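Notes follow once the structure below has been shown.
The values are calculated or read from the model by the stated rules, or taken from the named source; none is laboratory data. None of these values were measured; they are calculated from a predicted model. Every residue, glycine as well, gets a Cβ built from its backbone with ideal geometry; the counts of neighbours run over all protein chains shown.
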Amino acid sequence: MEEKIDYIKLASNKPKGKRPYFHDDPAVERVLNITMAIAGELAVMRERMDSIERLLEKKGVVTREEIETFVPENKEQEEQRQTWHAEYIGRVLRIVQQEQEELENPDKSLEEIANDINEM
Amino acid sequence: MSTRNLPPVYNKIAQHAVFPEMNHDERARYNFLANLNKHLAHVSQGNKVAFENRVAPQFEKEHGRKMTSTEELKEAISKDSHYQIWSSLRRSTMEMRQQAGRSIVLRQAVELRDKAKNLNKGKDSLILDDNVQVPPYLLACDNHIMPGSYHTELIEGDVTPAANYDTGLFVTTAGLLGRYSDGGGKAIVSWVKKTYPDFNPKRILDIGCGMGHNVLPIAKAFPDAEVIGIDTGAPMLRYAHARAMDLGITNVKFMQMDAAKTSFEDESFDWVQSTMFFHETGGKAIYNIMNEVHRVLKPKGLTLHIEQPQYTDDMSLFEKFIRDWDALYNNEPYWSKMHDIEPVDLMKSSGFKEEDFMQIGAKAENDLDDGSQKADEPEDHGRSPIWNVFGAIKN
C-alpha cells in the first residue's frame, strides 16, 4: 500500500451517499459553501491576529490598548488604509460590478462575436 | 456568570499520545466550527416558527386539511427559505468539519500510524481479524458524512478514521461530551453505580466501541473487571487500543468482531453495553445483534443501550421531522427507520422478558461544564447529548 498520500485532495473527498441540495438552484448552494469556507478562514486569521496581539503585549512590544486606539498618523497612512478597503471590496463584490456594467452596456455573447469575427 | 452561550475553546480537549498534532490555525478552524454549530442550533429554532406561521397555514390553504405525515411535512417545508438556508448551512458545517479533521490527520497519517503501532506493539489486548467483514449497512453510505467511514485504510495500518473522529466530536457537540468525549460512558457508569450499588461485574462487553471513548470510563470504574470492546473497523480498534494504553487503562481488550456474530461463549458476560450504536446498524442486523447480546449475557446479567431519544405518540410531526434531519442529511440513515421499532419489542424478540425491560433518560457528564454553557440553550436535535437508555436484566 502507498505510504505517501495526497492529503490535500483526500481531505476534501466526498462521502458515500448522494449529497442533498436544499436551495431551488444548486448554484446557490455551491456559492454558499464556498462563502462559508472563506468565512471560516477569516475567523482563523482573526484568531491568529488575536494571538499575535496578545504575545506582543506579553513581551512588552506593544499594548493591546495601543492597538485598540491606534489611528492613522498621517495622510499617507490614511490613504493606504482606505485604498486597501477599496481594493478589498472591489475584489469581493466583483460580480455585482460586472453585472451592473453589463446592464449599462449590454454585450454580445461570445458566440455572436465569434460569428462577427468570422466575417472580419 | 456569562449570559453568552459559548462553547469551550478547543485547546481544552484532552491530549494523549495518539491524538493528532494540531497547529494554531487548525485549532482556530475547530473553534469557528464549534461556534457555528452552536449558532445554527439557534437558527434551527426559526424552523418551528416558519413551520407554524407559513408552512402549515399554506398547506392547509392548499389542501383544506392539516398535514398528517412527516412525508407531507418534509415536502412542504423543503420549499421554505428559512429551512433551506438552515439546512444548507448545517450540511455545509458538517462537511467543513470533516474537511478540517481530515486535513489534520491525513497530513500526519504515517506518524499517527507509527505512534499507534509503538503503543500496540507486543500487546495481546488488541486482536485484529482480517476475516471480519465490514457489515453491508456500514458500506451503504459513509456515516456522519465521514469520507471512508470507520473502516477505510489509506495506508497500511491506518488509524486516521479514528483520529479524525476523536478530534471532531468536540466540534459537533460544541464540547458537551467533555475533555475526552466520554460523557456518555461516564453517565452510564454513574447510573449503574447508583442503581445497582452491589453490582460487581467480572466481564463487560462493549459492542460497536469505535475509538473506545465510552468504554474507557466503564473499564476505569470497574478496574477488576475484564472489559472487551468490539468493532468491525480495524483503524478504530488500533487507535482505541493505543489511546487506552497511553491513558493507562489496561483492563480493556479491543477485538475486531461483528456484534451479530461474536466468538464469545454463551452466558459469558455480566454486562453488555452499547453507546450510540444501534442507530448505525440495519433493519435485520439490529435483531441479530440483540440475539447475540442475549446469548452472551449471563443470567442476572445487565444490558444497557444508549440511543437517540425515542419518538413518542405525543411528539409533534414537526419535532419528529426535525429530529430526523441528521439521519438523512448527516448520513445516519438507519436512525430514520429505527423509530418504527419499540425497544421493548426488540428486546423481547431476543428472549428478554417484558417485566425486566427498563428505559431511562440520560445526559452526558461534562467535565468542561464551567457554567458558561447553561444560558437558555435550545436543544440541538440529533446533537445534544440527551439520550434514551433502554435495557434489561436477563432472567
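Points worth noting:
Yes or no, residue by residue, for (1) closer than 30 Å to B:ALA100 by Cα; (2) surrounded by 15 or more Cβ atoms within 10 Å (Cβ to Cβ); (3) not assigned by TED's automatic domain parsing to the domain that holds B:ARG323:
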position: B:ALA28; (1), (2), (3): yes, yes, yes
position: B:ASN31; (1), (2), (3): yes, yes, yes
position: B:ASN35; (1), (2), (3): yes, yes, yes
position: B:GLN45; (1), (2), (3): yes, no, yes
position: B:VAL49; (1), (2), (3): no, no, yes
position: B:GLU52; (1), (2), (3): no, no, yes
position: B:PRO57; (1), (2), (3): no, no, yes
position: B:GLU62; (1), (2), (3): no, no, yes
position: B:THR70; (1), (2), (3): no, yes, yes
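This table checks each residue for (1) of a type in the set (Lys, Arg); (2) within 18 Å of B:LEU126 (Cβ to Cβ).
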| residue | (1), (2) |
| --- | --- |
| B:TYR150 | no, yes |
| B:ASP166 | no, yes |
| B:THR172 | no, no |
| B:LYS186 | yes, no |
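- B:GLU26 meets all of the listed conditions (1) under 22 Å from the mean Cα position of the chain (by Cα); (2) within 16 Å of B:TYR165 (Cα to Cα); (3) assigned to a helix (DSSP H, G or I) but one, namely (1).
- Test for B:LYS79: is it in a helix (DSSP H, G or I), modelled with pLDDT of 95 or more, at negative phi and within 14 Å of chain A (Cβ to nearest Cβ): no
- Residue count for segment B:14-52, restricted to those that are within 13 Å of another protein chain (Cβ to nearest Cβ), more than 17 Å from B:ALA174 (Cα to Cα) and of a type in the set (D, E, K, R): 1
- Among helices (runs of 4 or more DSSP H) entirely within segment B:291-351, having at least 2 residues that are in contact with a strand residue (DSSP E or B) (Cβ under 8 Å, 6 or more places away or on another chain) and either in the same structural domain as B:LYS74 (by TED's automatic domain parsing) or within 25 Å of B:ASP258 (Cβ to Cβ) (or both) singles out B:343-349.
- Test: residue in segment B:157-173 that is surrounded by fewer than 18 Cβ atoms within 10 Å (Cβ to Cβ) and either small (Gly, Ala, Ser) or outside the structural domain of B:TYR329 (by TED's automatic domain parsing) (or both): no
- From the options A:GLY17, A:GLY40, residue that is surrounded by 11 or more Cβ atoms within 10 Å (Cβ to Cβ), under 27 Å from B:ASN164 (Cα atoms) and over 19 Å from the mean Cα position of the chain (by Cα): A:GLY17
- Output for segment B:119-144, where each listed residue is aliphatic (A, V, I, L, M) and either crowded, with 20+ Cβ neighbours inside 10 Å or touching a residue at least 60 places away in the same chain (Cβ under 8 Å) (or both): B:LEU119, B:LEU126, B:ILE127, B:LEU128, B:VAL132, B:VAL134, B:LEU138, B:ALA140
- Flag if B:LEU176 is in contact with a Ser or Thr (Cβ under 6 Å, 6 or more places away or on another chain) and either buried (at least 18 other Cβ atoms within 10 Å of the Cβ) or assigned by TED's automatic domain parsing to the domain that holds B:SER384 (or both): no
- Segment A:1-31, residues that are part of a helix (DSSP H, G or I), of a type outside the set (Val, Ile, Thr) and more than 7 Å from chain B (Cβ to nearest Cβ): A:LYS9, A:PRO26, A:ALA27, A:ARG30
- Scan of segment B:99-117 for residues that are in contact (Cβ under 8 Å) with a residue 60 or more places away in the chain and at the interface with another protein chain (Cβ under 7 Å from one of its Cβ atoms), ordered by number: B:ARG102, B:SER103
- Residue-level check: of (1) free of Cβ contacts under 8 Å to residues at least 60 places away in the same chain; (2) over 30 Å from the mean Cα position of the chain (by Cα); (3) more than 28 Å from B:PRO7 (Cβ to Cβ), B:GLU72 misses just (2).
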